[in-house]
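Laboratory data are not the source of any read-out in this text; all were calculated from the coordinates shown. In this text, all values refer to a predicted model and were calculated from it rather than measured experimentally. Note: ideal-geometry Cβ built from the backbone for every residue, glycine included; neighbour counts use all protein chains shown.
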Amino acid sequence: MFEHLAAGGTGQLGLGEEADADAAALAARQVALLKPRLEARLGELELEGLFAEVEMPLVGVLAEMELTGVAVDVDALAALGERLGARAKEMEADIYGLAGEEFNIGSPKQLRQILFEKLGLPPDRTKRTKTGYSTDADVLAGLSEHEIAAKVLEYREVTKLKSTYVDALPRLVNAETGRIHTSFNQAVTATGRLSSTNPNLQNIPIRGELGMEIRRAFVAGLPDHVLLSADYSQIELRILAHITGDENLIEIFLRDEDLHRAAASEIFGVGPGDVTPPMRSCAKMVNFGIPYGISDFRLAREMGVSVEEAGRYRERYFERFPRLGEYVEEMPKAARAQGYVKTLLGRRRPLPELRTRASGVRRAAERMAVNTPMQGSAADIMKLAMLRVRDSLRKRGLGAKMTLQVHDELVLETPRAELPETAALVRDCMAEAYELRVPLKVAVKAGGNWLEMEPAA
């Protein structure tokens, strides 16, 4: 209606426009009628504080971030696209040579015929689709000693990076602002984490040389500005220490020790000074895997050891951190009894699947019961931090603007002249967002692009 009038219309709506107006009015009335019922329900679930003090204030923060947008270097993406295209062509030729013929590498059916029928590679008989044996990434990784499987995995990575990011992102740049404007969603994920759509900027790769190159294209979009990245260090494990009250884990964080080195010392029975980089990497898998319900079989595969040895590592881990073992054991039982789990701020996640007879579904729900309080609490704390950062920037009159929130990381665009003050402010706001039994640690870096950053505070 208002657009019609602004365009010089008479104020009279056509039949289609009138129907749209009626539908909008009806929807607004229905929402208004629901308000008291929803407020009462929030009260019953003890969620009024989370809603009023976190989620609703955050709406304005996210709106500002969406309007600000993210600047990308289109020329850098074009150059990377050419490199990836050339690399994909080279790998195609290599794969055809190893296969002895040309075929559609992107076709699971044709790939299956080449790998399992023509070349006689062993399929994973536990993974079968309706049309035949699977050729997914896990299967190919299991065949990586065969050169063609490793080449196909690399080919998939390169072509996915090119199509999903390098080719797609430039088309999403707004012609007026010269930036990409994603949408942040508050009520999509079960854990309370923010998600990003149109496009999903939380999926930008952080591993692999080629994937990281994409981050180089995310830049500061204004003269004399830089990007500032503030990242929580091991926030979910710190929350785990807080929730479980495990004294040994708490002590490691209070002394600001290297958690993975300390765990490796216990798992492998060596002194901290004798922990090797491979030992530390294995301990890191244990630290992140066991609280998330990783099986001994999966742990063994990730660590390159036997299932029995992985089981012994788990036992030693829980001997060192006994309250963690109790938490992993008891949390699914408690969640099954009450039907849900909660975050530190009271966010609830119903888990009715805990009572199903389907063992696979039930085990997945048990893992959710263990990790949701960590993941959800981390998400809630990040939201508190974003509110603190926005309010503090305004109070001090600083020009920095938040542009992205990716899991445990917050990205801002800030005037270079204000970088020292802004970096210290953001670090303090995030570190003080919520009081745990252990300190929240924040790594702050800055640079001209999202890849090339140096410590800033």
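Quick notes on this one:
- Paramagnetic reach from ASP224 in segment 383-399 [backbone N under 18 Å; point 7 Å along Cα→Cβ]: 397-399
- Helix-derived mean residue ellipticity, 222 nm - over the chain, DSSP H n ≥ 4, -39500 (n - 2.57), to 500: -17000 deg cm²/dmol
- Segment 244-361: relative contact order in percent, alpha carbon pairs under 8 Å with at least 6 residues between: 20
- The chain: C-alpha pair distances exceeding 36 Å, %: 44
- When each of ASP73, ASP138 is scored by the number of other beta-carbon atoms lying within 10 Å, the sequence from fewest to most is ASP138, ASP73.
- Contour excess over end-to-end distance, with Cα ends at GLU251 and GLU329 and 0.36 nm allotted per residue: 25.9 nm
- For the cross-link pairs LYS130/LYS342; LYS109/LYS284; LYS127/LYS383; LYS333/LYS445; LYS109/LYS160; LYS160/LYS284, the ones whose C-alpha atoms lie over 30 Å apart are LYS130/LYS342; LYS109/LYS284; LYS127/LYS383; LYS333/LYS445.
- With a cut-off of 19 Å on the backbone N, the residues of segment 314-345 near the modelled label site 7 Å out from ARG362 along Cα-Cβ are 328-341.
- Extension reserve of the LEU119-ALA28 stretch, reckoned as 0.36 nm per residue once the Cα distance is removed: 26.5 nm
- Here the relative contact order of the chain, from alpha carbon pairs under 8 Å that lie six or more residues apart, stands at 19 percent.
- Peptides 211-219, 263-271, ordered by how many other C-beta atoms sit within 10 Å of their residues on average, highest first, read 211-219, 263-271.
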